[in-house]
Every structure is written in C-alpha cells, then in structure tokens.
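Enquirer: Here's a structure for you.
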Protein chains: 2
Amino acid sequence: MIGTIAAILTTLSFLPQAYQVIKTKDTSGISLGMYTMFVIGVLCWLIHGYNIGDMNLIVANLITFVFAAIILGYKIKYK
Amino acid sequence: MIGTIAAILTTLSFLPQAYQVIKTKDTSGISLGMYTMFVIGVLCWLIHGYNIGDMNLIVANLITFVFAAIILGYKIKYK
C-alpha cells in the first residue's frame, strides 16, 4: 500500500519535468553526466524490482525509465 | 548487486542538484508542489523498503530523503 503511494508520488513528481522538456526541447538545465547516471540507475531499480518481485518498483521505474530515456535522447540530440 | 548499483546511481545523480541548491539557496527552478510530492514519495519508498526488508531501498531513500527535505525547507524559506 505504502509502496503504491510511493510509486505514484515519485512518478507523478517526475512527469511535469518530462512533459516540459518533451514539449519545449529545452534541456539546458539538465546535466548530461548526471542524467545518464539517473537513467541507468532507474533501469537498475527496474531490474532489481523484477528480481525481488516488487510490482511497485517495476511499474514506477518502468514509467520513469521511458520518460527519462526520452529526455536523455533530447539532451543528446539538442545539446 | 544490481539493487546496490541502482541505489548508488540514483542517489549520486541527485546529490549535485542538492549541493547546488544548498550552496546557492536558489530554488527558483523547483516547483513547490512537485517537490513536496517527491519528498513524501521518497519517504514512502523508505517505509516500503523497511516493510519488505530491502536494504538498497532503505539506504538510497534515506540519503535522498534527508537532502530532498533540506531542499524543500530552503524552497519554503527562500521562495
């Protein structure tokens, strides 16, 4: 239950930033190095969630990974 | 193993932002509503990690929570 709330809150808090970057293509406030670490980190949480069978970790990090990877792609393309 | 890498990467990718905000007290790029959701979300992940006995979730979210709560305090104080 608390895990579901955690998943909803951290995913929702991330989405407006993702929406803004995708809409404006402005990635000037994002560090390439830090964001690359973040994307790989989220992917590792996703795998970790799969390994321990925690659906909250899987769903939260799957959604965050997709949007974070898109942002990273924009950062690389429009840097 | 992959959980430890996940914990290190997402925590490390968050710390430079925390350092910069704490150093400059400039929180203009941060949304109060989104950040409040994030801080509560991280606290929920911490409790969830404790509930399922996952040390990676506990350590990563404990460190992130402390710095995120400090940033939220700065946001409220210097908004």
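The values are calculated or read from the model by the stated rules, or taken from the named source; none is laboratory data. The shown structure was predicted, so the numbers you read here are calculated from the model rather than taken from an experiment. Note that each Cβ is placed from the backbone with ideal geometry, even for glycine, and that neighbours are counted across all protein chains shown.
Results for (1) within 11 Å of the chain's Cα centre (by Cα); (2) at pLDDT 95 or above, shown as yes or no for each residue.
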{"position": "B:Ala6", "(1), (2)": "no, yes"}
{"position": "B:Pro16", "(1), (2)": "no, no"}
{"position": "B:Gly41", "(1), (2)": "yes, yes"}
{"position": "B:Asp54", "(1), (2)": "no, yes"}
{"position": "B:Asn61", "(1), (2)": "yes, yes"}
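Enquirer: Kindly indicate which of B:Thr64, B:Thr10 is facing another protein chain (nearest Cβ under 8 Å), closer than 19 Å to A:Phe38 by Cα and among the hydroxyl-bearing types (Ser, Thr, Tyr). Lay out the reasoning, then the answer.
Expert: Numbers: B:Thr64 fails: facing another protein chain (nearest Cβ under 8 Å).
Matching residue, one of B:Thr64, B:Thr10: B:Thr10.
Enquirer: May I pose another question? Collect the residues in the range B:44-53 that are surrounded by fewer than 21 Cβ atoms within 10 Å (Cβ to Cβ) and either of a type in the set (S, T, N, Q) or within 7 Å of chain A (Cβ to nearest Cβ) (or both), keeping them in residue-number order.
Expert: Of the range B:44-53, the ones surrounded by fewer than 21 Cβ atoms within 10 Å (Cβ to Cβ) are B:47, B:50-53.
Residues satisfying the conditions are B:Ile47, B:Asn51, B:Ile52.
Enquirer: Going by the structure shown, is B:Asn56 facing chain A (nearest Cβ under 9 Å), polar (S, T, N, Q), without any contact (Cβ under 8 Å) to a residue 12 or more places away in the chain and in a helix (DSSP H, G or I)?
Expert: Working: facing chain A (nearest Cβ under 9 Å): yes; polar (S, T, N, Q): yes; without any contact (Cβ under 8 Å) to a residue 12 or more places away in the chain: no; in a helix (DSSP H, G or I): yes.
No; evaluated as a whole, the condition is false for this residue.
Enquirer: Let me ask another. Checking the condition crowded, with 19+ Cβ neighbours inside 10 Å and not in a helix (DSSP H, G or I), which residue from A:Thr27, A:Thr10, A:Thr64 passes? If you could, list the steps in order and put the result at the bottom.
Expert: Details: A:Thr10 fails: not in a helix (DSSP H, G or I); A:Thr64 fails: not in a helix (DSSP H, G or I).
Checking each option against the conditions leaves just A:Thr27.
Enquirer: Anything in the range B:13-43 that is more than 18 Å from A:Val42 (Cα to Cα) and within 8 Å of another protein chain (Cβ to nearest Cβ)? List them, or say none.
Expert: Residues of the range B:13-43 that are more than 18 Å from A:Val42 (Cα to Cα), as a first pass: B:18-37, B:40.
B:Gly29, B:Ser31, B:Met34, B:Tyr35, B:Met37, B:Ile40, listed by residue number.
Enquirer: Step by step: first the residues of the range B:30-39, then only those that are modelled with pLDDT of 90 or more and of a type in the set (Ser, Thr, Tyr), then the one that is surrounded by the fewest Cβ atoms within 10 Å (Cβ to Cβ). Which residue is that? Walk me through how you get there before you give the answer.
Expert: Step one: filter the range B:30-39 for residues modelled with pLDDT of 90 or more, giving B:32-39.
Restricting the remaining residues to those that are of a type in the set (Ser, Thr, Tyr) gives B:35-36.
Numbers: B:Tyr35: 18, B:Thr36: 16.
Among those that are modelled with pLDDT of 90 or more and of a type in the set (Ser, Thr, Tyr), it is B:Thr36.
Enquirer: While we're here: Please tell me if B:Val39 is assigned to a helix (DSSP H, G or I) and more than 16 Å from A:His48 (Cβ to Cβ). Full working, then the answer.
Expert: Values: assigned to a helix (DSSP H, G or I): yes; more than 16 Å from A:His48 (Cβ to Cβ): yes.
When the stated conditions are applied, B:Val39 passes them.
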